[in-house]
Amino acid sequence: MAEITNSSDIDKWDINITSGGSYLDFHFNELWHYRDLLMMFVKKDIITVYKQTILGPIWFIVQPLLTSLMFFFVFNSIAKISTGATPALLFYLVGTTLWNYFADTLNVTSKTFTDNATVFGKVYFPRIVLPLSKVVSGLVKFMIQFCLFTLVWLYYIFVNKQVTPNWYVLLAPVWLGMIVLLSFSFGIIITSLTTKYRDLTFLIGFGVQLAMYATPVIIPLSGVHGKKEIFFLINPLTSLFEAFKYGFFGQGTFSVKWLAYSTLFTLASLAIGIIIFNKVEKKFIDTV
């Protein structure tokens, strides 16, 4: 029988799972270690959503197109709401594409703990992997929808010649990245709170629908005047949507001051989200 001469040999493990650590720790090392699991979740999200549908991934394109056409018919043709110098269909298409990503990602990440409680209770992996997988799979869907927008955008540039983009279009990935971080931050904050306050589950869908009307998806910021404008501007998505449109259309509002506000709001939300998520994940299984 082998004799253990050093008691410290007993404590040597390949992986140590503890509940300690800083609440601001994002577990980058663990995320890299579980990267294959992350990609598996992303693949599952993309494949299973439309697996038993007739049109399959074509729904990624049909959804924003039909929504944009509906907005064009209701708000532009009937309600006569102006989109300024930007062609109405193009305005609604980019707004719908950006908003769909934000809303869908927020909705699915906000259910991380409640929808996956049984999985979390049986096997260990970094809990942040699941909401991150929703963010990444949502980006794949977004890029498919963005290809549709790009085709329509190029048509209005070279055929109709109603759109003149500027060099700010090169900053579009920055604005998109901030929208990604906002949706992720809000999602992990809400999912952490719903472990204790289940009422938020019922309010989130309704709240997201209302938030769309406080974001320049249907009405451009230039069409909002007086005291109503501040309600749009305090929404951190407003300046990001407007900057995105300003680069692609050469029309809209580009405000460095409000973009700085959106940046600070995003970083603060991300920090708060990580702290709350890391705190809740250590003991959520007892309350879910």
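The values are calculated or read from the model by the stated rules, or taken from the named source; none is laboratory data. Keep in mind the model is a prediction, meaning the values are calculated, not measured. Quick reminder, even Gly has a Cβ in these numbers, built from the backbone with ideal geometry, and neighbours come from all protein chains shown.
What the table shows:
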{"read-out": "Qualifying residue in the stretch 120-133 (condition: within 19 Å of Gln209 (Cβ to Cβ), of a type in the set (Lys, Arg) and surrounded by 18 or more Cβ atoms within 10 Å (Cβ to Cβ))", "value": "no"}
{"read-out": "Total residues in the stretch 159-180, condition part of a loop (DSSP other than H, G, I, E, B) and either free of Cβ contacts under 8 Å to residues at least 24 places away in the same chain or touching a strand residue (DSSP E or B) at 6+ places or on another chain (Cβ under 9 Å) (or both)", "value": "2"}
{"read-out": "Of residues in the stretch 143-177 being touching a helix residue (DSSP H, G or I) at 6+ places or on another chain (Cβ under 7 Å) and within 24 Å of Ser110 (Cβ to Cβ), the one surrounded by the fewest Cβ atoms within 10 Å (Cβ to Cβ)", "value": "Ile144"}
{"read-out": "Test for Val140: is it surrounded by 18 or more Cβ atoms within 10 Å (Cβ to Cβ) and within 24 Å of Phe41 (Cβ to Cβ)", "value": "no"}
{"read-out": "Filter pass, Thr105 being closer than 26 Å to Tyr92 by Cα and at pLDDT below 95", "value": "yes"}
{"read-out": "Some residue of the stretch 55-74 being assigned to a loop (DSSP other than H, G, I, E, B) and modelled with pLDDT of 70 or more", "value": "no"}
{"read-out": "Where Leu93 falls short, out of the listed (1) out of contact with any Pro (no Cβ under 8 Å at 6 or more places or on another chain); (2) among the aliphatic types (A, V, I, L, M); (3) modelled with pLDDT of 90 or more", "value": "(1)"}
{"read-out": "Odd one out for Ser222, checked against (1) in contact (Cβ under 8 Å) with a residue 12 or more places away in the chain; (2) closer than 30 Å to Val123 by Cβ", "value": "(2)"}
{"read-out": "Residues of the stretch 261-285 satisfying the condition of being β-branched (Val, Ile, Thr) and either within 25 Å of Ala243 (Cβ to Cβ) or at pLDDT 95 or above (or both)", "value": "Thr263, Thr266, Ile272"}
{"read-out": "Search result, residues across the stretch 99-158 that are under 14 Å from the mean Cα position of the chain (by Cα) and assigned to a loop (DSSP other than H, G, I, E, B)", "value": "Ser110, Lys111"}
{"read-out": "Candidate set: the stretch 66-79, residues that are hydrophobic (A, V, I, L, M, F, W, C) and surrounded by 17 or more Cβ atoms within 10 Å (Cβ to Cβ); chosen: the one farthest from Phe142 (Cα to Cα)", "value": "Phe75"}
{"read-out": "Enumeration of residues in the stretch 214-240 that are among the hydroxyl-bearing types (Ser, Thr, Tyr) and at pLDDT below 90", "value": "Ser222"}
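A quick yes/no check of all residues on (1) more than 23 Å from Leu221 (Cβ to Cβ); (2) surrounded by fewer than 19 Cβ atoms within 10 Å (Cβ to Cβ):
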site	(1), (2)
Ile58	yes, yes
Leu93	no, no
Leu98	no, no
Phe102	no, no
Thr109	yes, no
Phe113	yes, no
